[in-house]
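Everything on this sheet refers to the single structure shown next.
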There are 2 protein chains.
Amino acid sequence: MEERENWTTISSDAHFADDHLSVVTERVRTPHRTDAHAWTIVRRKSAVVVAAMTAEGNFVLIQQERIPIRKAIWEMPAGQVDQLCDFGSFRDVALRELREETGYALAPNGETIFLGDFFSSPGFTDEREFLFLARPVQRVAQTHTYVDAEMILECREFSPAQITAMVADDTIRDANTLSMWARLIAKGIIQLPAR
Amino acid sequence: MEERENWTTISSDAHFADDHLSVVTERVRTPHRTDAHAWTIVRRKSAVVVAAMTAEGNFVLIQQERIPIRKAIWEMPAGQVDQLCDFGSFRDVALRELREETGYALAPNGETIFLGDFFSSPGFTDEREFLFLARPVQRVAQTHTYVDAEMILECREFSPAQITAMVADDTIRDANTLSMWARLIAKGIIQLPAR
């Protein structure tokens, strides 16, 4: 999709900011409308999401407690990227998050492939997720100490058929993992069995 | 995914609220950790997303200016749901949004199928999207006046093969459409050609 020019910010009114997010109301003139619109926007750091594929073709998922939704859900590993990072270091952040959250790392002959990005909710936030495929990955730590702020309960490998069943039955229900799954299929990286 | 019990909210500190969102910092004890965690949460209304399929098997997408990301992107129709709605009325909201955003409506013999939900970014917001398939849909208005707050530039039908190419090449890059696409494939509602 082309990135359109001529977005003009007329005013920006800050409401709240902490280490995690900021809230502003901006008046913006868009490329295709003459009147300016006022819009409340939540600014967040970008994030990386990792599809970690083993030599056998399985994917590593974590089950994580998520306070905003008061649920524990199965997801692909992910983490936020420092604003100051250049894009070249996003790959390193992706592999570091993988290691910290799962105890898996890229095998010596492994590759990391960028699969594009997505926006989690472009009606209200600029949060942007960058998708990486890492393959093959292998377990490098039998047990590892999760970072304190992470609330990871479990880590397991799932086959593409298992993940497809989990997508179908609403077990997988976060935008990161669903968007990654759509991208992996559309790019032909995983093939689903014919029905 | 099971919804776990024993989420205890110890304190809640409001920072900002307007008609669109609110920001709070809460201290929460989760089911699996003894220490409480402080977390900043953005509360939003839930939303509906509509996969609108024509009798020919195409899907109706809109190209929309999105101020938070300063881009115009192709997406499936979607809209927010009033907090007070019961779930039975979500289907009506989905069809109303479809009509308003595209000029399409469910055909007289049509059906609306609930495809589950997803969370757009459960690390920071409780925003939850409910997915509906409407089929077949048909154009009921040649031209229609978009609601003022909507910033829709174009509305077109795309085949599943076209959408798959748009998912693969990063043209489709919003969580709503990508998550819906993953669900439609996993449920066998659309089949992709073998490669």
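Sites listed here are GluC sites (Glu not before Pro) in segment A:41-119 whose DSSP assignment is loop and whose Cβ has at most 13 other Cβ atoms within 10 Å: A:GLU56. For segment A:81-128 and segment B:176-195, compute the distance between their C-alpha centroids and round to whole Å. So the two Cα centres are separated by 24 Å.
Label point of A:ARG27 (7 Å along Cα→beta-carbon): distances to the other copies' equivalent points are 4.2 nm, sorted ascending. How tilted is helix B:175-186 with respect to the longest principal axis of chain B? Cα atoms for both, answer in degrees (0 to 90, nearest 10). Orientation of helix B:175-186: about 70 degrees from the principal axis.
Partner lysines whose Cα lies under 30 Å from the Cα of A:LYS71, excluding those fewer than 8 positions away in the same chain, are identified as A:LYS45, B:LYS45, B:LYS187. Computing FRET efficiency as 1/(1 + (r/R0)^6) for A:PHE114 and B:LYS187, where r is the C-beta to C-beta distance and R0 is 30 Å, gives about 0.60. Relative to the other identical copies, B:ALA38 shows label-point distances of 3.1 nm, where the label point lies 7 Å from Cα along the Cβ direction and values run shortest first. Projecting label points 7 angstrom from Cα along Cα→Cβ for B:SER11 and B:ALA55 puts them 6.3 nm apart.
With N as its number of residues, segment B:47-186 has a Cα radius of gyration that, divided by 2.2 N^0.38 Å, comes to 0.99.
Inter-copy label distances for B:ASP82: 4.8 nm (label point placed 7 Å from Cα along Cα→Cβ; shortest first). Using Cα springs under 10 Å in a Gaussian network model of chain B, which residue among B:ASN109, B:ASN176, B:ASN58 shows the largest mean-square fluctuation? Of B:ASN109, B:ASN176, B:ASN58, the Gaussian network model singles out B:ASN109 as fluctuating most.
Only the coordinates and a few stated rules stand behind these numbers; no lab work does. From a predicted model like this one, the values you see are computed outputs, not experimental measurements. Using ideal geometry, Cβ is built from the backbone for each residue, glycine included, and neighbour counts are taken over all protein chains shown.
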